[in-house]
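A.B. asks: Sharing a structure, written as structure tokens. Questions coming.
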Amino acid sequence: MNYKPFNIVVILLFFMGVSLVFFELLSIWALFLAVLAYLIFLLLVSTNVQWNFFVKAHNSHPNLKNKEIGLTFDDGPAENTLEILKLLKKFEMKASFFCIGKHIQENPEIFQKIILEGHMVGNHTFSHTRKMGFLRTHQIIEEINRCNGIALEVGKVELKTFRPPFGIINPKVKRALETTGHQVIGWNLRSYDAVLSSKNFILKRIIKNIKPGDVILLHDNNLLTVEILEQLLLFLQTNNYRSVRVDNLFKIDAYS
């Protein structure tokens, strides 16, 4: 979406509203509510990558005839990743790992093992800062490029896919991606394994909603995820589902 004309219209409407308030044709409360509604709207579209408002992301493959889904893991590599790799190997499933650059530096052998075992790796920025929504365009570019540089040094792969931390996609992230050329991978089925503590609730949430073409968001730095994953893989196997790398699911290139 070309957001520049959109922003110009918003600015014009704001000043029009101020003028109407000045001439007492509109109450200050009505203007306040309009501005508040706009800010809430911006917050929602910027924190929901699957809405495709600023950037077109690969969130799912609807109407897929094969019973294929994409298991994805964020925030590694970590020691816990090794247990996840064992389970994936046991059930003969493939997955995608969106890795944080500084964690690749801390766990280079684990990063290499992910690649060696045939899974996909993608860019999840260097630091996964909680200030992601407030970074300037050049800072986001630096975050992406630093992660790519470390991945190339450690794993000999030039990453082409990117998953934004916290699913944040705003105009600055859009401009950064236009510079780096990464394709955005989102999700359509969130497990909430990073915020919830009930294994049964998380597992039931996934199983209840799963369908062919889904991209499932999990976290490989979470101990709880290992226990959930074993039961989930058993369900997939029993119901003839197969987890594949997201680059294969969407027929895109994972690396340059």
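A.B. asks: State in Å² the accessible area per residue of segment 204-253; use a 1.4 Å probe, count heavy atoms of protein chains only, and round to the nearest integer.
C.D. replies: 48
A.B. asks: Same structure, new question: In whole percent, and with a 1.4 Å probe on the protein chains, what portion of the accessible area of segment 91-224 is carbon and sulfur?
C.D. replies: Carbon and sulfur together cover 51 percent of it.
A.B. asks: Something else now. Sorted by average packing, counted as other Cβ atoms within 10 angstrom per residue and highest first, what order do 188-197, 129-138, 67-76 take?
C.D. replies: Ranked by mean Cβ neighbours within 10 Å, highest first: 67-76, 188-197, 129-138.
A.B. asks: What does the accessible area per residue of segment 95-142 come to in Å², with a 1.4 Å probe and no ligands, DNA or RNA counted?
C.D. replies: Heavy-atom accessible area per residue stands at 45 Å².
The values are calculated or read from the model by the stated rules, or taken from the named source; none is laboratory data. As the structure is a computational prediction, the values presented were derived from the model and not from experiment. Heads up, the Cβs are rebuilt from the backbone with ideal geometry, glycines too, and the neighbour counts pull from every protein chain shown. Accessible surface areas use protein heavy atoms only, side chains included; no ligands, DNA or RNA. Shrake-Rupley method; radii C 1.70, N 1.55, O 1.52, S 1.80 Å.
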